[in-house]
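The values are calculated or read from the model by the stated rules, or taken from the named source; none is laboratory data. Treat the numbers as computed from the prediction; the structure is a model and nothing was measured. Cβ atoms come from the backbone with ideal geometry, glycine included; neighbour counts cover every protein chain shown. Calculation scope for accessible area: heavy atoms of the full protein, side chains included, ligands and nucleic acids excluded. Shrake-Rupley method; radii C 1.70, N 1.55, O 1.52, S 1.80 Å.
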Amino acid sequence: MEPKRIREGYLVKRLFLLSLQGSVFNTWKPMWVVLLEDGIEFYKKKSDNSPKGMIPLKGSTLTSPCQDFGKRMFVFKITTTKQQDHFFQAAFLEERDAWVRDIKKAIKCIEGGQKFARKSTRRSIRLPETVDLGALYLSMKDMEKGIKELNLEKDKKIFNHCFTGNCVIDWLVSNKSVRNRQEGLMIASSLLGEGYLQPAGELSKNAADGTAENPFLDNPDAFYYFPDSGFFCEENSSDDDAILKEEFRGVIIKQGCLLKQGHRRKNWKVRKFILREDPAYMHYYDPAGGEDPLGAIHLRGCVVTSVESNSDVRKSEEENLFEIITADEVHYFLQAATPKERTEWIKAIQVASRTGK
């Protein structure tokens, strides 16, 4: 009986390759990753029949967040019993945490000789009373009841989509997530250390780097932001820079990896997409690295529909296709991993196309 598939999707994996000269070098490549009950398989692409490799989970340990690569966010590490390290990078924070939760549970089930199940049927087992930082982070981001993102000015700079340190502590106390401000400082520092919050401005950055007594500051002059928000800082800039930044002002409403068809060679490549509203843009990036987008799709007035067949796609790759036709009549063909994911993307794009400028 084949092991049950627990989770699958695109992740960026660190790979070691052999050059023509015989030397070994490492690179980061997007792979289709499948989490099974007893191991992790990774494929060059979803339609491949055989995996490029397999990582056994028995006796393995997981490290998250992994800080081994300074410029790469949302990385986690799996170390096998043979002391082999495997590094994976997710497209965004919630995705990393979802993979980490399931992998940890799979390892724990192997150790206990149990079958993997998302919900325990043993009501007598009570989880330890520890803080779930991931759940707390999602509550903080809630559009209605969460922390309000503001445009704040300091030292002749405008910090967009951020909030102050004392606002974070105020929210934790009023939300009854902590008993007092001192406890709030401890939780906020943990959120900062795990990457759920990012410092903005010299004061908060210096504190996070260790030059203050506490890494997080309960201070109205200390600014912070969510890592997947529309944060940016405006200084003295040219008109061209201001026009470019306008695309990134919108709040992120969805992100993740999709296959995108190239316009010239009609080849398909994995891209990380970030969907923003008001203004409505989808920027796409190389998921293996690079802070600058490879391109942008202006969604205002666009049409997005599912596609059941496409002459430029092989039969094995026809599933879960959808098409975006912009107001300028540029056609983009994209492929989601599952029918549910395709539906979610289409609905999110439709909302942005109607409400965003």
For segment 182-235, name all the residues that are open to solvent by 40 Å² or more (accessible area, probe 1.4 Å) and β-branched (Val, Ile, Thr). 211
Taking segment 178-214 on its own, how many of its residues are in a loop (DSSP other than H, G, I, E, B) and either within 23 Å of residue 64 (Cα to Cα) or touching an Asp or Glu at 6+ places or on another chain (Cβ under 6 Å) (or both)? 5
Is there a residue being of a type outside the set (A, V, I, L, M) and under 29 Å from residue 63 (Cα atoms) anywhere in segment 168-181? yes
Tally the residues that are modelled with pLDDT of 90 or more and either under 16 Å from residue 225 (Cβ atoms) or among the hydroxyl-bearing types (Ser, Thr, Tyr) (or both), restricting the search to segment 177-188. 1
Quick one: in segment 247-291, of everything that is assigned to a strand (DSSP E or B), of a type in the set (Phe, Trp, Tyr) and over 14 Å from the mean Cα position of the chain (by Cα), which residue is surrounded by the fewest Cβ atoms within 10 Å (Cβ to Cβ)? 268
Keeping to segment 55-104, report how many residues are in contact (Cβ under 8 Å) with a residue 60 or more places away in the chain and not aromatic (Phe, Trp, Tyr). 13
Applying the selection to segment 169-203, what residues are within 19 Å of residue 137 (Cα to Cα), over 22 Å from the mean Cα position of the chain (by Cα) and in contact (Cβ under 8 Å) with a residue 12 or more places away in the chain? 169, 171, 172, 175, 177, 181, 184, 185
Answer yes or no: is there a residue in segment 92-110 that is more than 26 Å from residue 141 (Cβ to Cβ), among the small types (Gly, Ala, Ser) and crowded, with 16+ Cβ neighbours inside 10 Å. yes
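Here's the yes/no breakdown for (1) within 20 Å of the chain's Cα centre (by Cα); (2) modelled with pLDDT of 90 or more; (3) within 15 Å of residue 88 (Cα to Cα); (4) open to solvent by less than 10 Å² (accessible area, probe 1.4 Å):
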site: 11; (1), (2), (3), (4): yes, yes, yes, yes
site: 14; (1), (2), (3), (4): yes, yes, yes, no
site: 18; (1), (2), (3), (4): no, no, no, no
site: 25; (1), (2), (3), (4): no, no, no, no
site: 29; (1), (2), (3), (4): yes, yes, yes, no
site: 35; (1), (2), (3), (4): yes, yes, yes, yes
site: 39; (1), (2), (3), (4): no, yes, yes, yes
site: 47; (1), (2), (3), (4): no, no, no, no
site: 53; (1), (2), (3), (4): no, yes, yes, no
Can you pull out the residues in segment 24-54 that are assigned to a strand (DSSP E or B), among the hydroxyl-bearing types (Ser, Thr, Tyr) and touching a residue at least 24 places away in the same chain (Cβ under 8 Å)? 27
Here the residues within segment 336-357 that are open to solvent by less than 20 Å² (accessible area, probe 1.4 Å) and either among the β-branched types (Val, Ile, Thr) or under 19 Å from residue 46 (Cβ atoms) (or both) are 336, 337, 345, 349
